[in-house]
Amino acid sequence: MVIITKKEFEQMSAYIRANYGIYLKDEKQTLLTGRLQKVLMQDGFNNFTDYFNYIVSDKTGNAVIALVDQITTNHTFFMREADHFYYFRDNVLPYLTKTVKNHDLRMWCAASSSGEEPYTLAMIVDEFLGKEKLFWDSKILATDISSRVLNIAKEGVYSAERISPLPATWKMNYLKKVNADSYKITDKIKNEVIYRKFNLMDTVFPFKKKFHVIFCRNVMIYFDNDTKEKLTQKLYDCMEIGGYLFIGHSESINRDTSNFKYIQPAIYRKE
């Protein structure tokens, strides 16, 4: 095993924090070492200094992609923090379908991971709108910084165990069996989600239109307070008045510094 020195850890963690917002405390040194072992061994590095120099000098971008895929935590599952989805169905969609006059419903999953969250939202929207869906543009933008999980999401194939939390009608209407243990999201739902690689630490968010709904859940737990406040402001700026922000239940927004209005745990609104 390649051991990381204190200086190397500080150098690597500072780079990760500056570029991806992830704050690695000193006690995460062992975790970082373990996650990067496979990459170091594959590429033949005997120390973290040489590996770091390779990352910052690699013009292809492949080194950074490999780094991001290893350091990001992509734990998710269907119907995670299910009360959010019920609130979205029972409160947000009825409001938006009455107030969005041009039928252009804009939603963003800002940390889509392996696709469970945006596909769930797409199913809810399809079921809610029913036949009226024909008259709406309700595609969902789903972004993540990890190429690995984005590829899984685009494929849209999940095990029987993974889809078990979904209602039986959704399984029947929106999934098709691939083999004894695998199910695939139907094209009807897949076509409603647009996947893109995106870094929430980018200075400028390049969106031409503002969003009515943003899901940015279980991301800010990895950021320090300054990074969280800056991201919260960027999310506020790219949201329509009356729009809703959903964050993780283990996260919170500083109400003294943010313009978002608190609605209920982990749900905020721009007013």
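The values are calculated or read from the model by the stated rules, or taken from the named source; none is laboratory data. All values derive from a computational prediction rather than experimental measurement. Cβ atoms come from the backbone with ideal geometry, glycine included; neighbour counts cover every protein chain shown.
Of everything in the stretch 40-75 that's of a type in the set (D, E, K, R) and either closer than 29 Å to residue 220 by Cβ or in a helix (DSSP H, G or I) (or both), which residue is modelled with the highest pLDDT?
This residue is 50.
Condition check ((1) at pLDDT 95 or above; (2) assigned to a helix (DSSP H, G or I); (3) outside the structural domain of residue 20 (by TED's automatic domain parsing)) across all residues:
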site: 102; (1), (2), (3): yes, no, yes
site: 108; (1), (2), (3): yes, no, yes
site: 113; (1), (2), (3): no, no, yes
site: 117; (1), (2), (3): yes, yes, yes
site: 120; (1), (2), (3): yes, yes, yes
site: 123; (1), (2), (3): yes, yes, yes
site: 129; (1), (2), (3): yes, yes, yes
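Looking only at the stretch 66-110, count how many residues are within 24 Å of residue 236 (Cα to Cα) and in contact with an Asp or Glu (Cβ under 6 Å, 6 or more places away or on another chain).
Of the residues in the stretch 66-110, 2 are within 24 Å of residue 236 (Cα to Cα) and in contact with an Asp or Glu (Cβ under 6 Å, 6 or more places away or on another chain).
For residue 39, all conditions in the list (1) touching a helix residue (DSSP H, G or I) at 6+ places or on another chain (Cβ under 7 Å); (2) exposed (fewer than 14 other Cβ atoms within 10 Å of the Cβ) hold save one; what is the number of the exception?
Among (1) touching a helix residue (DSSP H, G or I) at 6+ places or on another chain (Cβ under 7 Å); (2) exposed (fewer than 14 other Cβ atoms within 10 Å of the Cβ), the lone unmet condition for residue 39 is (2).
Are any residues in the stretch 230-255 within 24 Å of residue 80 (Cα to Cα) and part of a strand (DSSP E or B), and if so, which ones? I'd like the intermediate steps shown before the answer.
Restricting attention to the stretch 230-255, the residues satisfying the condition of being within 24 Å of residue 80 (Cα to Cα) are 231-232, 235-236, 239, 243-254.
Residues satisfying the conditions are 239, 243, 244, 245, 246.
Please specify each residue of the stretch 1-15 satisfying the condition of being of a type in the set (A, V, I, L, M) and either more than 22 Å from residue 41 (Cβ to Cβ) or surrounded by fewer than 20 Cβ atoms within 10 Å (Cβ to Cβ) (or both). Walk me through how you get there before you give the answer.
The first filter runs over the stretch 1-15 and keeps only residues of a type in the set (A, V, I, L, M), leaving 1-4, 12, 14.
Residues satisfying the conditions are 1, 2, 3, 14.
Check 37, 11 and return the single one that is closer than 26 Å to residue 219 by Cβ, touching a residue at least 40 places away in the same chain (Cβ under 8 Å) and of a type outside the set (Ser, Thr, Tyr). Step through it out loud before you land on a result.
Numbers: 37 fails: touching a residue at least 40 places away in the same chain (Cβ under 8 Å).
Checking each option against the conditions leaves just 11.
List the residue pairs whose Cβ atoms are under 9 Å apart, where the first residue sits in the stretch 40-67 and is in the same structural domain as residue 12 (by TED's automatic domain parsing), the second is acidic (Asp, Glu) and part of a loop (DSSP other than H, G, I, E, B), and the two are 6 or more positions apart or on different chains.
64/58
Looking at 98, 25 in this structure, which one is under 30 Å from residue 166 (Cβ atoms) and surrounded by fewer than 12 Cβ atoms within 10 Å (Cβ to Cβ)?
Working: 25 fails: under 30 Å from residue 166 (Cβ atoms).
Checking each option against the conditions leaves just 98.
Which ones in the stretch 174-195 are within 25 Å of the chain's Cα centre (by Cα) and either on the phi > 0 side of the Ramachandran plot or not β-branched (Val, Ile, Thr) (or both)?
Within the stretch 174-195, 174, 175, 176, 182, 183, 184, 187, 188, 190, 191, 192, 195 qualify.
Out of contact with any strand residue (DSSP E or B) (no Cβ under 8 Å at 6 or more places or on another chain), farther than 27 Å from residue 100 by Cβ and surrounded by fewer than 20 Cβ atoms within 10 Å (Cβ to Cβ), is that true of residue 218?
Working: out of contact with any strand residue (DSSP E or B) (no Cβ under 8 Å at 6 or more places or on another chain): yes; farther than 27 Å from residue 100 by Cβ: yes; surrounded by fewer than 20 Cβ atoms within 10 Å (Cβ to Cβ): no.
So residue 218 does not fit the description; no.
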